[in-house]
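Okay, so here's the structure we're looking at.
The values are calculated or read from the model by the stated rules, or taken from the named source; none is laboratory data. Everything numeric in this text was worked out from a predicted model, so none of it was measured. With ideal geometry, Cβ positions are generated from the backbone for all residues, glycine too; neighbour counts draw on all protein chains shown. Quick note on the areas: whole protein, heavy atoms, side chains included, nothing else; ligands and nucleic acids left out. Shrake-Rupley method; radii C 1.70, N 1.55, O 1.52, S 1.80 Å.
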Amino acid sequence: MKFFFSSGHGACPGCSLPIAVKNVLYALEGKCFVVNPTGCLEIISSQYDRSAWGVPYIHSVFENAAAVAAGIDAALKALGRKDEGHVVVFAGDGATADIGIGCLSGMFDRNHDVLYICLDNEAYQNTGNQQSGLTPPGSNTTTTPAGKILPGKIGRKKDMVAFALAHKIPYVATASVAYPNDIRRKVKRAVEFEGAKYIQILCPCVTGWGINSNETIKVARLAVETALYPIVEYENGELVRVRKIKERKPVEEYLKIQRRFRHLFKHPKGREIIEELQRIADENAKRFGLDE
Amino acid sequence: MKITLGAVSKPYSALKMKTGDWGTHWPKVDEELCTGCGTCEMFCPDMCIEVVKVGEEEVNGKIKEIKKAKVNYDYCKGCGLCAEVCPANAIKMELKDIYKV
């Protein structure tokens with residue numbers, strides 16, 4: 001069992017969560033204690049009597065994954081067992097940006113030695129695509145349905161990287177499942193730091209985003225290539241590395257292959273949202289210097 | 001008396017759920033094209049592709065391992081990601097025999 005995460009889990013065909021998880025566990029060589037709040041990953045990997053995990057695993061409730069991880073870290077310190085492994089949290093975007101944000105802020109504030117990984121699939125996909133704080137504007141979800149008046153979600157995607165940076169934690173990064181080597185390198189780099197670490201990994205969802213099962217990697221790559229999802233890396237609050245884009249693609253290319261955005265191309269307000277998304281992409285490219 | 005609190009699941013006990021019958025397609029690896037780079041192995045969401053050593057060859061006096069991708073059809077859900085990411089286009093998705101009419 002090379003990846004410390006076994007076959008036979010219940011993820012949809014083509015789900016990108018196991019790709020992110022197996023690369024993180026592979027980079028840590030299985031030396032970790034995993035905390036996992038409620039979400040898709042919990043449902044697929046720890047159904048009753050069937051665990052896909054090969055590492056110590058604890059399921060917490062939605063809001064307190066960061067607090068449970070902080071407790072494990074404190075216990076390991078008190079028992080003198082810090083060398084046994086890193087404390088890793090795999091949380092969804094809802095558990096990170098909406099429900100668990102209070103505990104997460106507390107954990108960052110106390111600067112516990114925890115690697116917090118946010119698997120960002122941009123909605124509550126476990127319960128069937130409800131909008132979360134990390135849902136991008138214009139996305140059609142069951143709680144922000146595209147109708148005659150509203151073109152999907154109004155508002156912007158919450159900037160969790162800025163939130164993490166505001167706590168002055170030593171390591172903050174984003175990654176995408178399209179680049180597993182990058183995920184492994186970032187995880188290895190992150191655990192070199194003492195203190196709270198935050199990595200946000202883009203994980204496209206087959207059913208929620210409305211894509212084919214073999215397109216998850218393609219979509220994850222397009223999100224990066226359109227600059228809607230900038231891949232950045234901060235060490236001690238300073239931007240040290242970004243993934244440069246050779247030829248930046250227009251956001252339409254990313255939007256048109258997903259069912260959750262298809263209304264934008266016929267809705268009267270759709271054009272506005274597409275232009276706003278393009279503006280966000282341009283802003284990202286300018287802010288991080290993504291264009292080569 | 002030993003009391004266990006809560007439910008206990010053994011590591012890797014998910015292996016008893018054979019997910020191989022979920023999909024309609026199966027990946028077939030063309031051994032001639034496969035370079036054994038391991039890209040599919042890092043991407044497979046079901047951990048059912050493994051790059052294994054199939055033999056050895058001698059290149060410029062050095063012994064080099066020949067590696068090929070092997071699919072575990074017991075668990076493959078047929079998503080087609082391996083065929084999509086393969087840099088050598090060595091993996092093709094084929095319809096399973098039972099779905100052929």
Please get the size of the charge dipole for chain B, origin at its Cα centre, with Cβ charges of +1 on Lys and Arg and -1 on Asp and Glu, quoted in debye to the nearest 20. 540 debye
Taking a virtual spin label 7 Å from the Cα of B:LYS92 along the C-beta vector, which residues in region B:69-86 bring their backbone nitrogen under 15 Å of it? B:83-84
Partner chain coverage, peptide A:12-22 - average Cβ within 10 angstrom: 5
Once you have the alpha carbon radius of gyration of region A:2-84, what is it after dividing by 2.2 N^0.38 Å, with N set to its residue count? 1.13
If DNA, RNA and ligands are ignored and the probe is 1.4 Å, what is the ranking of B:MET1, A:MET1, B:MET17, A:MET107 by accessible area, most exposed first? B:MET1, A:MET1, B:MET17, A:MET107
Of B:THR4, A:GLN131, A:SER6, whose Cα points farthest to the positive end of the dipole of the protein assembly as shown (charges on the beta-carbon: +1 Lys, Arg; -1 Asp, Glu; origin at the Cα centre)? A:GLN131
Note: A:167-180 gets an average of partner chain Cβ contacts (10 Å, Cβ to Cβ) equal to 1
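When the accessible area of the protein assembly as shown is computed with all protein chains present and a 1.4 Å probe, what percentage of it is carbon and sulfur?
Of all accessible area on the protein assembly as shown, carbon and sulfur atoms account for 52 percent.
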Among A:VAL87, A:SER45, B:ASN89, pick out the residue whose Cα is farthest towards the positive end of the charge dipole of the protein assembly as shown, where Lys and Arg carry +1 and Asp and Glu carry -1 on C-beta, about the Cα centre. A:SER45
If eta is 1.567 mPa s and T is 4 °C, what Stokes-Einstein diffusion coefficient results for region B:20-99, Kirkwood Rh from Cα pairs, in µm²/s? 98 µm²/s
Given R₀ = 51 Å, FRET efficiency for B:LYS70-A:ASP83 by Cβ-Cβ distance, to 0.05? 0.90
Computed for B with A: buried accessible area summed over both chains, 1.4 Å probe, rounded to 100 Å², at 2700 Å²
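Looking at the square roots a ≥ b ≥ c of the eigenvalues of the Cα gyration tensor of region A:171-229, which shape do they give, rounded for a/c under 1.5, prolate if a/b is larger than b/c, or oblate?
prolate
I need the peptides A:5-15, A:83-93 ranked by packing, meaning the mean over residues of other C-beta atoms within 10 angstrom, with the highest value on top.
Result, highest mean first: A:5-15, A:83-93.
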Residue-normalised accessible area of the protein assembly as shown, expressed per residue, 1.4 Å probe, Å²: 46 Å²
May I ask for the angle, rounded to the nearest 10°, between helix A:180-190 and the longest principal axis of chain A, with both axes built from Cα atoms and the value confined to 0 to 90°? 50 degrees
Just tell me how shielded A:249-260 is by partners: mean number of partner chain Cβ atoms within 10 Å of each residue's Cβ, no decimals. 0
Share of Cα-Cα pairs in chain A beyond 23 Å, in percent? 52 percent
Is it possible to state the helix-based mean residue ellipticity at 222 nm for chain A, with each DSSP H run of 4+ residues giving -39500 (n - 2.57), the sum divided by total residues, to the nearest 500 deg cm²/dmol? What is it? -10000 deg cm²/dmol
1/(1 + (r/R0)^6) with r = Cβ-Cβ of A:GLU283 and A:VAL61, R0 = 41 Å, i.e. FRET efficiency to nearest 0.05, evaluates to 0.70
Förster-model FRET efficiency, 45 Å R0, A:PHE193 and B:VAL101, C-beta, rounded to 0.05: 0.20
Added length on full extension, which subtracts the Cα-Cα distance from 0.36 nm per residue, A:LYS249 to A:ARG185: 20.4 nm
